[in-house]
Amino acid sequence: MPDLTLREAIRKGLQEALDNDPRVFIMGEDVGAYGGAYAVTKGFLRQYGPERIRDTPISESVIVGAGVGAAMGGMRPIVEIMTINFSLLAMDQIVNHAAKLRYMSGGQLMVPLLIRTVTGGGAGLAATHSQSLEGWYASVPGLKVVFPSTPADALGLLRTCLKDPNTIIYCEHALLYGVRGPVPDTYYEVPLGRAEVKRPGTDVTLISYGRGVHLCLQAATELARRGVQAEVIDLRSLRPLDLETPLASLRKTHRALIVEEAWPMAGIGPYLGLRLHQEAFDDLDAPIAHLCGADTPAPYARNLERLSLPDVPAILKTVAEAFGL
Amino acid sequence: MQLQERLTKTELVSFYRQMLLIRRFEERCAEMYMLGKIRGFLHLYIGEEAIAVGCMSALRPEDYVVTHYRDHGHALARGMDPKVAMAELFGKVTGCSRGKGGSMHFFDASRNFMGGYAIVGGQLPVAVGLALASKMKGEPRVTVCFFGDGALNQGEFHEAFNLASLWKLPVVFFLENNLYGMGSHIDRTYAGGRDVFKAGEHYRIPAAQTDGMDVLAVREATLRAVEHARQGNGPFFLEALTYRFRGHSMADPVEYRDRAEEEAWKVRDPIPTFQRYLLENAIATLTELSEIARQVNDEVEEAIRFADASPEPPPEALYEDIYA
């Protein structure tokens, strides 16, 4: 089982799709000659040519809208929106059209569109380039949202997404591209809507996705030194959302902390917390805790940005305060 | 009214019939709206029928059509059964979108009628994508994308024109310029002047203007535009000059418009104009046209009966067709 970076795993998945399905093509800003803003599609233009690796103008609305139309027209477009912050310019195409066409057409149309985008903060990019909007998209019926934290999941989820006949927002955290991990040689897929226990434990459940999973795993290592066994759950997909895996864990540990970078209001964390309270109230030893991004626009200054995002000390502090562990 | 091509009497009379069907259908829609049978927004196409009929007559079945929220005329001209259209307006399960779309969201994939899009300008990028799919698959399809003058001021107008031209996509951008975006006159909202089709030049998209009150002129202009796109020459921008005889929607008392302007356009009503043409050129007799009017009337009444008698969507439909 070779080790791949998350970037390499996504590249592998995209190449497989381009090799195996003539309907697949990639379009977006600088995906071709430039090689992708995050170098995911580097070399693809030479390998697959400009018909299938399409550089577009900086025009997010028509990039996504053309993806919607091409998907309805029988192609299998993969659209790259350079960062989720720019997806706001395509919000109408994503939320009003891609997500709704099947419903509003009474089931006549399908929009099998994959939108790859980069999300998350921590790189000093300030307020317009550091947002975690995946929870917004997860709130929209008709969309699916996935968010891998490991190279193996990135490849497995990508394979599943490219077989799914719906519009999917595939989120890549900017700080995870270099994360390395084992990726099976044999073919496998990761189903949507199935969370994974990334580390088993008995005393407290840490629930997260994307970069937060790595923070939780580090925190769990530190907690283990203190004799506390934390179970770490990676949601992997925000819609469909797996409630069963967190619930099973809660029934064992009786305590849960949800960790995410997004803002405190109206996100996936608050929704998940509510559902867990409703479903597992009698199993809880304490209210479910939520550690998230600061309720502010992302600041530029290093110290302020650090304060604005969850990190390992903050997780440990919250576990101590909320659960006395 | 110039007839450049040889059309049969049957074809010409069918144009008349279709325009009359759209007109009568929508007049009755307005009444059904007042009775509460139709909910939501209802945007009538009355006055613009020559565009839908002239354009659709120039298309092949495999061509894609996308349009805006004022979509009844396009759907009927594309061949949607009036019963199915009326049932959709009534919110019935027998409607074209099974009661999930309503007036602004008609779809008929079996006729490649890819929908009414209710966000101004939102359909332009989608049309570019449909054309892209056709081009990549090597299909000889053209996508016709209707939009109104209100959409000129959306960023998507620029984005879609730019990309379609860069990639030489087989799309006809069909502007129905009725001079008003909701209640705002084009002179107050669009800085580019009245001959909007000239905007195509900036994108190197060939363009033409046609008389949207003349079904034959629209047909000929569309034939040329579609042929341009079908031959692989890239997009074409067609502007039809027209007028919306009623308000923006049923909620609009049209207080912002000059009555003299309205009257000047109503004199050019495409249906009586075409009727005169048919009579003066001895293509049809008044008796024949009266018989058509009677048939159209019956057809619309039958549509209303069908819609009224149809069942509502079952409760479980609420959660159906969210995902494929």
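The values are calculated or read from the model by the stated rules, or taken from the named source; none is laboratory data. None of the values given here were measured: they were computed from a predicted structure. All Cβ positions, glycine included, derive from the backbone under ideal geometry; neighbour counts span all protein chains shown. Areas reflect the complete protein model, heavy atoms only, side chains present, ligands, DNA and RNA absent. Shrake-Rupley method; radii C 1.70, N 1.55, O 1.52, S 1.80 Å.
GNM on chain B, alpha-carbon springs under 10 angstrom: the most fluctuating residue among B:170, B:82, B:206 is B:206. Exposed loop sites, defined as chymotrypsin sites (Phe, Trp or Tyr not before Pro) outside DSSP H, G, I, E and B with at most 13 other Cβ atoms within 10 Å, are absent from the longest region of chain A, namely A:35-186.
Inside 10 Å of the C-beta atoms of B:133-140, what's the mean count of C-beta atoms belonging to other chains?
Details: counts 12, 5, 3, 11, 6, 0, 2, 0.
That works out to 5 on average.
For region A:50-118, GluC sites (Glu not before Pro) are listed when DSSP marks them as loop and at most 12 other Cβ atoms sit within 10 Å of their Cβ; the list is A:51.
Once both axes come from the Cα atoms, what is the angle between helix A:60-72 and the longest principal axis of chain A, in degrees from 0 to 90, rounded to 10? Tilt relative to chain A: about 70 degrees. Summarising the strand pairing of the protein assembly as shown, around 15 percent of its internal DSSP beta bridges are antiparallel. Of the DSSP H helices in chain B, those with a Cα length along their own long axis of 27 Å or more and a mean Kyte-Doolittle hydropathy reaching -0.5 comprise B:9-34, B:286-309. Per-residue shielding of B:116-128, expressed as the average number of other chain Cβ atoms within 10 Å of the residue Cβ, stands at 6.
Surface exposure of region B:143-286, expressed per residue as accessible area with a 1.4 Å probe, stands at 41 Å².
The accessible-area loss of region A:96-115 on complex formation, taken against its chain alone with a 1.4 Å probe, reaches 30 Å² or more at A:97, A:101, A:102, A:103, A:104, A:106, A:108, A:109. The C-alpha atoms of chain A define a longest principal axis, and helix A:268-280 lies at about 50 degrees to it. Quick check: from the Cα gyration tensor, does region B:43-197 come out rounded (a/c under 1.5), prolate or oblate? Note, shape of region B:43-197 comes out oblate. Panel note: the C-alpha atoms of the protein assembly as shown, placed on their principal axes, show extents of 98, 54, 46 Å (largest first).
Kindly identify region A:157-303 as rounded, prolate or oblate by the Cα gyration tensor criterion: order the square roots of the eigenvalues as a ≥ b ≥ c, call it rounded if a/c is under 1.5, otherwise compare a/b with b/c, prolate if a/b is larger, else oblate. Taking the square roots of the gyration eigenvalues as a ≥ b ≥ c, region A:157-303 is rounded. Here's the list of lysines a cross-link from residue A:12 could span, going by alpha-carbon distance under 17 Å and ignoring same-chain residues fewer than 8 apart: A:42, A:163. So what's the angle, to the nearest 10 degrees on a 0 to 90 scale, between helix A:6-20 and the longest Cα principal axis of chain A? That works out to roughly 40 degrees.
For residue B:100, the aspartates and glutamates whose Cα comes closer than 16 Å to its Cα, not counting residues fewer than 8 places off in the same chain, are B:71, B:88, B:108, B:312, B:316, B:320, B:321.
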